[in-house]
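Participant: One structure is given below, represented as structure tokens, and several questions about it will come after.
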Amino acid sequence: MSVLKITDLRAGYHRVSALHGIDLQVASGSITALLGGNGNGKSTVLRTIAGLNRAETGTIKFESNDITRLPAHRRVGLGLALVPEGRRLFVRLTVERNLRLGAFSQRDTRQTEASLAMVYDLFPVLKERREQLAGTLSGGEQQMLAICRGLMARPKLLMLDEPSWGVAPKLVTRIFDTIGAIRDRGVSILLVEQNVQRALGIADYAYVIQTGRIVLEGKGSELLGNDEIKKAYLGL
């Protein structure tokens with residue numbers, strides 16, 4: 001069963017098309033990776049799914065509901081969350097305040113407190129630093145905070161745009177372990193990531209995008225193990 005299904009999606013910026021008929025699915029409870037070089041449309045796909053970019057044509061179905069023309073805030077309310085590239089934290093607010101802002105769509109304070117307990121369980125260091133300003137955290141800790149802020153919305157689908165960007169190598173493993181733990185809690189994940197080997201190592205399924213078109217797809221393990229594919233499409 002698919003939590004997300006995209007059909008013939010076309011979108012762009014300032015009347016310049018960036019996506020040219022994207023077909024993509026995310027199976028419920030899975031990690032799906034979207035891979036490709038810079039400037040090929042990966043972030044545009046995520047932003048269009050989230051409602052931050054307008055779809056020119058095509059359909060976006062979330063749990064069988066057509067959300068193609070739905071405003072972004074209503075998509076969050078349905079259970080769709082985006083952790084953008086570059087984190088976009090409120091650096092002058094505390095860790096906990098950033099987290100609570102991630103739960104803006106929730107009306108039940110008990111759910112907010114339960115979400116807070118969940119993310120502190122995933123990343124105990126954030127609980128230790130909950131009164132610390134977000135801007136004083138290390139790059140890896142800020143990325144943890146950005147991921148957890150996305151989880152505060154209690155999403156059914158969490159979209160991650162370059163979660164290892166700017167993270168020290170010793171923390172990259174922790175980030176990917178946590179992505180796996182989030183999937184194991186029942187949250188579906190759509191992952192955009194430049195670290196191709198790490199992404200394919202954790203992905204149940206993967207798509208490769210070039211110049212706004214899907215040129216390849218398959219199980220993550222299959223793509224990772226095919227030397228011709230790695231050389232031709234993934235630069236490995």
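A short reminder: the numbers here are calculations on the coordinates, not readings from a lab. Predicted model, so just to flag it, every value in this text is computed and none were measured. Here the Cβ is made from the backbone with ideal geometry for all residues, glycine too, and neighbour counts use every protein chain on show.
Participant: Out of the chymotrypsin sites (Phe, Trp or Tyr not before Pro) in segment 73-129, which ones are loop residues according to DSSP with at most 15 other C-beta atoms within 10 Å?
Facilitator: Counting only loop positions with at most 15 other Cβ atoms within 10 Å, the chymotrypsin sites (Phe, Trp or Tyr not before Pro) in segment 73-129 are 90, 104.
Participant: Would you kindly work out the equivalent ellipsoid of the chain from its C-alpha gyration tensor and give its semi-axes, the square roots of five times the eigenvalues, largest first in whole Å?
Facilitator: Computed over the chain, the values are 28, 21, 16 Å.
Participant: Given an 8 Å cut-off on Cα distances and at least 6 residues of separation, report the relative contact order of the chain as a percent.
Facilitator: Working: 469 pairs, mean separation 64.2, N = 236.
Computed value for the chain: 27 percent relative contact order.
Participant: Could you order the peptides 177-185, 64-72 from most to least packed, using the average number of other C-beta atoms within 10 Å per residue?
Facilitator: Averaged packing, sorted descending, gives the order 177-185, 64-72.
Participant: How large is the charge dipole for the chain, taken about the Cα centre, if only the Cβ atoms of Lys, Arg (+1) and Asp, Glu (-1) carry charge, to the nearest 20 debye?
Facilitator: 700 debye
Participant: I need 122, 200 ordered by Cβ neighbour count within 10 Å, fewest first.
Facilitator: The fewest-first ordering by Cβ neighbours comes to 122, 200.
Participant: For labels at residue 130 and residue 56 in the simple 7 Å Cα→Cβ model, what's the distance in nm?
Facilitator: In this crude label model, residue 130 to residue 56 measures out at 4.7 nm.
Participant: Find which of 137, 28, 40 sits farthest along the positive direction of the dipole of the chain, computed with +1 on the beta-carbon of Lys and Arg, -1 on that of Asp and Glu, about the Cα centre.
Facilitator: Value computed over the given set: 137.
Participant: Taking other Cβ within 10 Å of each residue's Cβ, how do 151, 224 sort, fewest first? Spell out each step's value before the answer.
Facilitator: Working: 151 25, 224 19.
So the ranking, lowest neighbour count to highest, is 224, 151.
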